[in-house]
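These notes concern the structure reproduced below.
The values are calculated or read from the model by the stated rules, or taken from the named source; none is laboratory data. A quick note: this is a predicted structure, and the numbers were derived from the prediction, not measured. Every residue, glycine as well, gets a Cβ built from its backbone with ideal geometry; the counts of neighbours run over all protein chains shown.
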Amino acid sequence: MPDSLPIVPFTRPVAGNAKVPGSKSITNRALLMASLTDGSVTLRGALFSEDVAVMETALNTLGIETQTSELNQTIKVDGQGGMIPVAQANLQVGNAGTVARFLTAALALRWGGSYQLDGAAAMTKRPMRGLLEALETFGCSFRWDGDPYHFPFHMKTQGLRSGLWEIDAAASSQMLSALLMMASLAEGPVRVQQLGSTVSQPFVDMTTRMIATFRRDGQSPDLARDGYEFKASPYRLSSGYYDVEPDATAASYFLSLPLVVGGQVKMAGFSSKSSLQGDIAYHQVLEDIGLASSFEGDGLRTEAKQQLRGGTFDFNAISDTFLTLAALTPLIPEPITITGIRHTRKQETDRVSAMAAELRKLGQEVEVEEDALTIRPNREALVQAAQNGIEIHTYEDHRVAMSFAILGCADLRGDGQPWLTINNPGCCAKTFPGFFDELERLRDSS
């Protein structure tokens, strides 16, 4: 992948079926639960990306064997029945939040474990305190090699006790999901109690539904008074297979294309009734701003039909998709306010500030609050900026890159020539290595 990539605009409305890889969120949850299952599990439709490779490498380091076939999109995991085979290891979590939170919780299953964990520079700033404080109450001990309750650190483990597990997951729902995935494998009954609320609740719901699939008894945890009640039950999949859904967050980029270039696009593999992913609700935002959307057969279709309009949208539950909308606001004739995004300031980058900075390069008026962005579109300023060419700084954040790449598909000059360049396009390998290839395929087939 080059250091920078000019985005070639569409000169015709989009017309076709877009393809996205498996969900990162589901793949990494399934990888971890499969590794703790009694017997082997084959993931079908799995994602192959940097974040998944980080999880797989860590599991291999811990003595859990995997066999991958990228051609067939499968990963076979040799489940260890709730055990962590290797007692001492040095582990890298990169900048993968799912690995950082889920793997750390899983290590606590081991009696007499001693583990050194480190990550990318950005990971040393990401929230971990709520999870690590909870693990301390279970008997884990930590030695901090930097800021307390942040990577890097050394942890010693003594197994997961039964009883009340309390956690503050206000900064990231992944910390709550991490404990939920381990609760079935504790020594006895467990109650996981939230201290306050959490963000991105649909990801917690995804976790509980997947737990029910992996548990031998097929039961999901009982929810009462903001707590989750578990009885001990091993993970066991009688079929030996787990099917991973296509990534709904990745789908948001292509579902938005008709807003930018006109036409229609369909994404296979999504259902309004059975999808595990809350981000599928992004299509409702597209409807609210003027696109038509509908579930048809085995997929979801969007189409440009109406005059676009602005509004206020709460993205707390689907925050990974807020960047998709924010990047496209210069094409919308009315102001857009995006709320519920405070927690995204501590993800791969400060996403609120990053989007504001790049939109201002495009001549847009942006008002920034701690928890919100308001963009007052200025198409004339956007067209003027396009005449001179714009380079988008991606902050090593895959979602910044993909969101602005969709904006770059607009033929603002009317000559089909690139006007927007994505710097460091390779950052998309984190979750969608083939993103730019798929965008090119859609453009060439439309």
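Working only within segment 386-415, note down all residues that are out of contact with any helix residue (DSSP H, G or I) (no Cβ under 7 Å at 6 or more places or on another chain) and either of a type in the set (A, V, I, L, M, F, W, C) or closer than 25 Å to Ala250 by Cα (or both). Of everything in segment 386-415, those that are out of contact with any helix residue (DSSP H, G or I) (no Cβ under 7 Å at 6 or more places or on another chain) and either of a type in the set (A, V, I, L, M, F, W, C) or closer than 25 Å to Ala250 by Cα (or both) turn out to be Ala386, Glu391, Gly408, Asp411. Scanning segment 147-193 for residues that are of a type in the set (S, T, N, Q) and either touching a Cys at 6+ places or on another chain (Cβ under 8 Å) or surrounded by fewer than 22 Cβ atoms within 10 Å (Cβ to Cβ) (or both) turns up Thr157, Gln158, Ser162, Gln193.
Just checking, does segment 28-45 include any residue being within 14 Å of the chain's Cα centre (by Cα), among the hydroxyl-bearing types (Ser, Thr, Tyr) and part of a helix (DSSP H, G or I)? The answer is no, given that none of the residues of segment 28-45 is within 14 Å of the chain's Cα centre (by Cα), among the hydroxyl-bearing types (Ser, Thr, Tyr) and part of a helix (DSSP H, G or I). For Arg209, are the conditions met, namely being surrounded by fewer than 16 Cβ atoms within 10 Å (Cβ to Cβ) and either aliphatic (A, V, I, L, M) or in contact (Cβ under 8 Å) with a residue 24 or more places away in the chain (or both)? Yes.
Residues that are touching a helix residue (DSSP H, G or I) at 6+ places or on another chain (Cβ under 7 Å) and under 19 Å from Pro127 (Cβ atoms) within segment 183-200 comprise Val192, Gln194, Thr198, Val199, Ser200, listed in sequence order. Residues considered: Gly414, Gly389. Of these, the only one that is farther than 17 Å from Thr344 by Cβ, surrounded by fewer than 15 Cβ atoms within 10 Å (Cβ to Cβ), free of Cβ contacts under 8 Å to residues at least 12 places away in the same chain and more than 29 Å from the chain's Cα centre (by Cα) is Gly414.
Answer yes if at least one residue in segment 151-166 is in contact (Cβ under 8 Å) with a residue 24 or more places away in the chain and on the phi > 0 side of the Ramachandran plot, and no otherwise. For segment 151-166, residues in contact (Cβ under 8 Å) with a residue 24 or more places away in the chain and on the phi > 0 side of the Ramachandran plot: present.
Looking across segment 1-58, the residues that are in contact with a helix residue (DSSP H, G or I) (Cβ under 8 Å, 6 or more places away or on another chain), among the small types (Gly, Ala, Ser) and under 17 Å from Gly97 (Cβ atoms) come down to Ser23, Ser25, Ala30, Ser49, Ala58.
The residue that is surrounded by the most Cβ atoms within 10 Å (Cβ to Cβ), counting only those in segment 304-324 that are of a type in the set (Gly, Ala, Ser) and on the phi < 0 side of the Ramachandran plot, is Ser319.
Which of the numbered conditions does Phe313 fail, given that it passes all the others? Conditions: (1) assigned to a strand (DSSP E or B); (2) within 14 Å of Ile406 (Cβ to Cβ). Unmet for Phe313, out of (1) assigned to a strand (DSSP E or B); (2) within 14 Å of Ile406 (Cβ to Cβ): (2). Picking from Glu348, Glu396, Glu334, Glu367, which residue would you name as being outside any loop (DSSP other than H, G, I, E, B), in the same structural domain as Gln307 (by TED's automatic domain parsing) and acidic (Asp, Glu)? That would be Glu367, the only listed residue that is outside any loop (DSSP other than H, G, I, E, B), in the same structural domain as Gln307 (by TED's automatic domain parsing) and acidic (Asp, Glu). Inspect segment 230-238 for any residue being assigned to a strand (DSSP E or B) and touching a residue at least 60 places away in the same chain (Cβ under 8 Å) and give the result as yes or no. Looking for residues that are assigned to a strand (DSSP E or B) and touching a residue at least 60 places away in the same chain (Cβ under 8 Å), one finds at least one in segment 230-238, hence yes. For segment 325-361, filtered to residues that are without any contact (Cβ under 8 Å) to a residue 40 or more places away in the chain and under 15 Å from Gly408 (Cα atoms), the residue that is surrounded by the most Cβ atoms within 10 Å (Cβ to Cβ) is Leu359.
Could you count how many residues in segment 95-143 are in a loop (DSSP other than H, G, I, E, B) and either within 16 Å of Ala170 (Cα to Cα) or in the same structural domain as Thr344 (by TED's automatic domain parsing) (or both)? Within segment 95-143, residues that are in a loop (DSSP other than H, G, I, E, B) and either within 16 Å of Ala170 (Cα to Cα) or in the same structural domain as Thr344 (by TED's automatic domain parsing) (or both) number 3. Looking only at residues in segment 224-256 that are under 20 Å from the mean Cα position of the chain (by Cα) and of a type in the set (A, V, I, L, M), the one that is nearest to Pro13 (Cα to Cα) is Leu255. Please tell me if Leu328 is touching a Pro at 6+ places or on another chain (Cβ under 8 Å) and either in a helix (DSSP H, G or I) or of a type in the set (Val, Ile, Thr) (or both). Considered against the rule, which asks whether it is touching a Pro at 6+ places or on another chain (Cβ under 8 Å) and either in a helix (DSSP H, G or I) or of a type in the set (Val, Ile, Thr) (or both), Leu328 comes out as no.
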